[in-house]
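Below: the structure, in structure tokens.
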Amino acid sequence: MDFGLQPQKQIFSVTQITQYISELLTQSFPSVIVEGEISNWKPSSAGHIYFTLKDANSQISAVLFKGSAYKLNFRPKDGDKVRCTGSISVYAPRGSYQIIVSGMELSGQGNILQMIEERKKKLAQEGLFENERKKPLPRIIKTLGVVTSPTGAAIKDIINVTRKRNKTVDIIVFPAIVQGAEAAATIVKMIEIANFYKLCDVLIVGRGGGSIEDLLPFSEESVVRAIAASDIPVISAVGHDYDWAISDLAADVRAATPSQAAEFANTELTEIQQNISECKNLLYTSIVQKVNNTRLMIKSFNPQSLELRFRQIEEPILNRFATAKEKLGTNLLEKIRDYRNRITNCKTVLENASPSVIFSRGYSMVKDEKGNIIRDSSQVKINDKIIITPFKGTIIADVKETKEK
């Protein structure tokens, strides 16, 4: 359709005019950023959201389709000042123009999100979000600690859910400021107190919903580090389903809401009682079976059978003992005979080496007057006295002559 200059008398249909305006708006505003206050926020059953953006003097209809709504990291509500990115179009059936929103953030949120993202990257590089650091929640707890505002809706939800699931659990509220400049310091202090005195089994750290500025304390570096350093398992419960904070990443468990955090922390009393009952039944059954088995074993025992069984055990032992005794005696006799033979041989050698035995064969020992044994004829001179000792008696003689061999 040619929408150039038209003759003055050309008549347009409503549809033609609407299409013409639609094309003009689409071409003129392919992408815009509009800032305003949300009004008449109305989610549809299909997941699309219809609302109005307004300021002091004007308003514009807006639609946020399901796919784009799913990507939001917060939950918009009437009265929020937001910055919407999208395109201008015309809704032909009503002849009204609107903005089709593809992205939305709270006014001023861009800088905050950038700061949070940079902080998240820094802490992630230090390993504060690693799964290996996360502690499992105990199945049964006696005391639940909650770091939050003592007057907020979050603590009421946590108390209500805890009382419904397990009324025996004690709750300690660690009162903290959860919004504003002083919030981070009080949250850290309460976490440290709970850990220093070991006051609870599980610690919930969180608050109810709010704007990204309201939730900012739970993304402060000091709070994230305190949660990561906690010896007590921590459940982070900041805001509602769409809300989030860096503390969610550092905590051992992240809950979408404070109520869900209370559910995670508390096992239902009926479930605990049922488990105890099952364990009791298993233990009783096991004991009964062991008792019955023992009774059956005892029944088979009587004096005769006991003696027979004893003999069956004793006889092999006695046989082994008798065999060992016999073998030991044999070995001892062999050793004794061996040593006797060795002693006899030694005695014979010693006796054969005795001088008296040698002398009895006709040998004699010759000494000079000084008692020196003479082994060579050159040791004496003619007329020297010598003493001869034969097998029996002693002979004293004078040397008359010496000869060399």
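The values are calculated or read from the model by the stated rules, or taken from the named source; none is laboratory data. Keep in mind the model is a prediction, meaning the values are calculated, not measured. Heads up, the Cβs are rebuilt from the backbone with ideal geometry, glycines too, and the neighbour counts pull from every protein chain shown. All accessible areas refer to the heavy atoms of the entire protein, side chains included, with ligands and DNA or RNA removed. Shrake-Rupley method; radii C 1.70, N 1.55, O 1.52, S 1.80 Å.
Brief remarks follow.
- Percent of Cα pairs in the range 282-346 per distance bin of 5 Å, from zero to the largest separation: 3, 14, 9, 10, 9, 8, 8, 7, 6, 6, 5, 4, 4, 3, 2, 1, 0.
- Nitroxide proxy distance, nm - points 7 Å out along Cα→Cβ at residue 92 and residue 273: 6.5 nm
- Within the accessible area of the range 30-85 (1.4 Å probe), percent carbon and sulfur: 49 percent
- Mean projected area (nm²) of the alpha-carbon convex hull when the range 94-178 is viewed from all directions: 11.3 nm²
- Å² per residue, accessible surface of the range 271-358 at 1.4 Å: 94 Å²
- Cα centroid separation, the range 254-284 to the range 180-215 (Å): 25 Å
- Chymotrypsin sites (Phe, Trp or Tyr not before Pro) restricted to DSSP loop in the range 300-405 with at most 14 other C-beta within 10 Å: 301, 363, 391
- Read-out log10 I(q)/I(0) by the Debye sum over Cα atoms at q = 0.07, 0.08, 0.14 Å⁻¹, derived from the coordinates shown; its label in [x] -0.64, -0.74, -1.22; [y] -0.41, -0.53, -1.26; [z] -0.37, -0.48, -1.24: [x]
- Mean accessible surface per residue for the range 22-67, computed with a 1.4 Å probe while every protein chain stays in place, in Å²: 64 Å²
- Tilt relative to the chain, helix 303-352 - C-alpha long axis, 0 to 90 degrees, to 10: 40 degrees
- Rounded tilt (10° steps) of 14-28 against the dominant C-alpha axis of the chain: 50 degrees
- Selected from 186, 323, 168 as most flexible by GNM, with the chain as the system and alpha-carbon contacts under 10 Å: 323
- Working note: 222 nm ellipticity from helices only, DSSP H runs with n ≥ 4, each -39,500 (n - 2.57), summed and divided by the residues of the chain, gives -14000 deg cm²/dmol to the nearest 500.
- Within the straight-line cut-off of under 18 Å between alpha carbons, the lysines reachable from residue 164 are 142, 156, sequence neighbours fewer than 8 places apart in one chain being disregarded.
- Rounded to the nearest whole angstrom, the semi-axes of the ellipsoid equivalent to the range 236-325, taken from the Cα gyration tensor as √(5λ), stand at 67, 22, 5, largest first.
- Convex hull of Cα atoms in the range 208-289, direction-averaged projection (nm²): 7.2 nm²
- Calculated Rg and Dmax of the range 258-405 using C-alpha coordinates, Å: 48.7, 141
- Degrees, to the nearest 10: 269-299 long Cα axis against longest axis of the chain: 30 degrees
- Close amide-amide hydrogen proximity is noted between residue 97 and 91, each under 5 Å apart and 5 or more residues distant or on a separate chain (H modeled in the peptide plane; Pro and chain starts excluded).
- Of 135/198; 42/66; 367/392; 135/280, pairs whose Cα-Cα distance is over 21 Å: 135/280
- Anisotropy class assigned to the range 159-268 is oblate, per the alpha carbon gyration tensor with a/c at or over the 1.5 cut-off and a/b no larger than b/c.
- Put simply, when 271-279, 56-64 are sorted by average Cβ atoms within 10 angstrom per residue, most first, you get 56-64, 271-279.
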